There are 2 protein chains.
Amino acid sequence: MRDVAVIGIGCTPFGEKWGSSFRDLFVEAGTLALDDANLSGEDIDAMYVGNMSAGRFIEQEHIGALIADYSGLSTRHIPSTRVEAACASGGLSFRQAVIAVASGMEDIVVAAGVEKMTDVGTGASVDALAGAADREWEGFVGATFPGLYAMIATDYMSRYPLTREQLAQVAVKNHYNGARNPIAQFQQEITIDTVLRSSLVADPLRLFDCSPITDGAAAVIVAPLDRAREFTDTPIRVLASEQASDTITLHDRRDISTLDATVAAGQRAFKTARITPKEIDLVEVHDCFTIAEICAIEDLGFCKKGEAGMLTMEGVTALNGDLPVNTSGGLKACGHPVGATGIKQVYEIVTQLRGDAKGRQIDGAKIGMTHNVGGTGATVAVHIFGV
Amino acid sequence: MRDVAVIGIGCTPFGEKWGSSFRDLFVEAGTLALDDANLSGEDIDAMYVGNMSAGRFIEQEHIGALIADYSGLSTRHIPSTRVEAACASGGLSFRQAVIAVASGMEDIVVAAGVEKMTDVGTGASVDALAGAADREWEGFVGATFPGLYAMIATDYMSRYPLTREQLAQVAVKNHYNGARNPIAQFQQEITIDTVLRSSLVADPLRLFDCSPITDGAAAVIVAPLDRAREFTDTPIRVLASEQASDTITLHDRRDISTLDATVAAGQRAFKTARITPKEIDLVEVHDCFTIAEICAIEDLGFCKKGEAGMLTMEGVTALNGDLPVNTSGGLKACGHPVGATGIKQVYEIVTQLRGDAKGRQIDGAKIGMTHNVGGTGATVAVHIFGV
């Protein structure tokens, strides 16, 4: 198999994009990525697009063909494929693009992600998102996503020494980072008090523990490493691309506070890349809720179970800490357009490894990781990148 | 890249499966495929599943994780990925499985397809299917799928010498074949009169020109060719795996009676397999409507434009003809559970190349082809198989 590199990246600003359609969003992201790689559409061999639920959000399926068509690429009849794994759709789209290039089947491949969530009301949106969990055993009996992650938080806090303030600090840190990211949905700093005084959503999770409903799209372009310098002076290598599954329901898990698919995908990724967690300079983890970031840091092997809250409060995961986590602002502050999130994580790591992250730049960053979760952990994609 | 072979196949009976859930269907197909390959779940390295619109049919997304979980494979945390391309979802799922094995990334991979369409009413089902076309420029202004294919038929019949009786003969032939296929939804023969006297759906297409709403699932297992004989005495080689896109709307096409994505994918497949159309012993084409089979036969290069109706009436595409088309009964008579169709086509070709098709067996069949279309031709997958 061939080594693969990222040669171009693009991302729309995230937010409530009333003025942009689903189609506008992915064309904007794709154009930015092509410009970034000094490519035109003529150079693209294939596309993958991550999208969770356009069927329910905009009554449109067949997203691969739609994105190829509106990107002006269907006249060349390139393969264009939609990949879906709920909130991990973007991560899996990226992985399929990597496999297509690594296999030798394609050379220049776009991996995109897009979601337009605000064209339906909040109730319909929450119901569509419940399709990421088990509809029959969770959704139909009233479990929403905040409810499911609240169960994880409750279980976790009953077994490990995580305080409410430490949990809030995850959101405080991510808003601090988001305030330094021009594409972030929320670019304002908050305090622990902001979180603790916000509305209770599902005990113990409050409004500021939750990622928002977001519109947005992101696109990255991958190529064989040995051709990457034709297109960019700063190719970023894909050192590992791994994916794992788990039971779709929480009640079937061995331990609901440990996401075994994160553990499995993380371990495989470190093995493939032949590095240890200590060598990671920064990581984008899937913080759909604050508790999810706590679990991710531990399940990826960056510290022992029960320690992530303390490390967060000590600043270890802050911009100037030893292991910066979610420098983009994460899902919490940068926003969470579901299918786009996994690609936005790649966009952030590549931006950092290129040294282009300006006010949130991690000096000397050489190895970065992305961690993208579907549902409550039934799908996890982990990627490791290096300069 | 490595050569790939199909080592196991399974398919549920197709029909209105009131007694089976979405989950029951894919577990049934997967179990049949594992048994056929003498494998257990422990042997599977990864899964792909084609599904068009579970979000709208059963309010469930995250189908890759769901299928891995209910197949008992999530405890090993294998990658499991849903692929969507409307009615070509199954064909693209198979292609991703082929790429995963060809790349060397995985060894034993399941490619499945499933759709449970009858859990919603016919109106909701037709509306969900309209998500395969352009919702904004076709669906919202009233174009249904029968309406779009009726436009193709009207255009075609105004330019080429296709008679209404020749069109009906496509359905007559496919029902004849379906009557010899134990998994077919419709196992009764019909006459040209049956078609011509059936209700008008969208002029000139009548009820018996249209494929039905169907529940069903199919699964096949692929492996590296050099390991295939560990699992089966009759491995079937994948000689070509190609995919093409086109504009999602009909009105943007160069010519609505020619599916350019079929032309492109077909030409690439013949080139990859290094054979000509004359060497194909049988083909499963995407006959969602009778006119679609006429176009497919021509666009794949089996005859000139305008000749397929005459060839059909002459029996060239019948079971005992020179080029048997849709020996399974096709979408028309075997049924069309959208996401499963592309995998069912592979199931049929493998069954034929093994010599196991009993009453519909094509004697001495050595090379077969599948042709799976999304929407009105915005995505096409073509595969060629050999003994």
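Bear in mind that the values in this text are calculations on the coordinates, not laboratory data. Just so it is clear, the model here is predicted, and its values are computed rather than measured. Here the Cβ is made from the backbone with ideal geometry for all residues, glycine too, and neighbour counts use every protein chain on show.
Okay, here's what the table says:
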read-out: Rounded Å value of the spacing that divides the Cα centres of the range A:227-254 and the range A:352-378; value: 12 Å
read-out: Relative contact order of the range B:250-373, defined on C-alpha pairs under 8 angstrom at six or more residues apart (%); value: 30 percent
read-out: Calculated label separations, A:Gly147, copies of the chain, 7 Å along the beta-carbon direction, nm; value: 3.8
read-out: Mean Cβ count within 10 Å, highest first, over the residues of peptides A:41-52, A:339-350, B:358-369; value: A:339-350, A:41-52, B:358-369
read-out: Other protein chain Cβ atoms within 10 Å, averaged over every residue that makes up B:85-91; value: 4
read-out: Distant-in-sequence amide H partners of B:Gly8 (H built 1.01 Å from N, under 5 Å); value: B:Ile221
read-out: Within a Gaussian network of chain B (alpha carbon springs, distance under 10 Å), most fluctuating of B:Asn174, B:Asn320, B:Asn372; value: B:Asn320
read-out: Cβ neighbours within 10 Å from other chains - mean over B:95-108; value: 4
read-out: Whole-number percent relative contact order across chain B, with pairs defined as alpha carbons under 8 Å at least 6 apart; value: 26 percent
read-out: Vicinal HN-Hα couplings computed from phi for the range B:347-363 (Karplus, 6.51 cos²θ - 1.76 cosθ + 1.60; Hz; Gly/Pro x); value: 3, 5, 5, 5, 4, 5, 5, 7, x, 9, 8, 6, x, 10, 5, 8, 4
read-out: Peptide B:240-246, shielding by other chains (average Cβ, 10 Å cutoff); value: 6
read-out: Across A:Lys271/A:Lys366; A:Lys173/A:Lys344; A:Lys278/A:Lys304; A:Lys116/A:Lys366; A:Lys173/A:Lys366, pairs whose alpha-carbon gap is larger than 24 Å; value: A:Lys116/A:Lys366
read-out: Label spacing, shortest first and in nm, from B:Asp24 to its equivalents in the remaining copies (7 angstrom along Cα→Cβ); value: 4.7
read-out: Cβ-based exposure ranking for B:Ser80, A:Ser53, in which fewest neighbours within 10 Å come first; value: A:Ser53, B:Ser80
read-out: For the protein assembly as shown, projected area of the alpha-carbon convex hull averaged over all directions, nm²; value: 28.5 nm²
read-out: Other-chain or far-sequence residues with amide H under 5 Å of A:Ser71's (modelled H); value: none
read-out: At 7 Å out from Cα toward Cβ: A:Arg76 inter-copy label distances (nm, ascending); value: 3.9
read-out: Choice from A:Asp24, A:Asp203, A:Asp215 with maximal GNM fluctuation in chain A (Cα, 10 Å cutoff); value: A:Asp203
read-out: Residue-averaged [θ]222 nm for the protein assembly as shown, counting only DSSP H segments that reach four residues, each worth -39500 (n - 2.57); value: -10500 deg cm²/dmol
read-out: Among A:176-182, B:3-9, the order from most to least packed when residues are scored by Cβ within 10 Å on average; value: B:3-9, A:176-182
read-out: The range B:139-150 - phi-based ³J(HN,Hα) in whole Hz, Karplus 6.51/-1.76/1.60, Gly and Pro as x; value: x, 5, 9, x, 7, 8, 5, x, x, 5, 5, 5
read-out: Descending semi-axes in Å of the range A:207-298, equivalent ellipsoid built from Cα gyration tensor; value: 29, 19, 13
read-out: Neighbourhood net charge (15 Å Cβ-Cβ; Lys/Arg +1, Asp/Glu -1) for B:Thr154; value: 0
read-out: Hz values of 3J(HN,Hα) by residue in the range B:288-301 - Karplus curve (6.51, -1.76, 1.60), Gly and Pro given as x; value: 4, 9, 4, 4, 5, 5, 4, 4, 4, 4, 6, 5, 7, x
read-out: Candidate aspartates and glutamates - alpha carbon under 14 Å from A:Lys305, same-chain residues fewer than 8 apart omitted; value: A:Asp155, A:Asp255, A:Asp260, A:Glu293
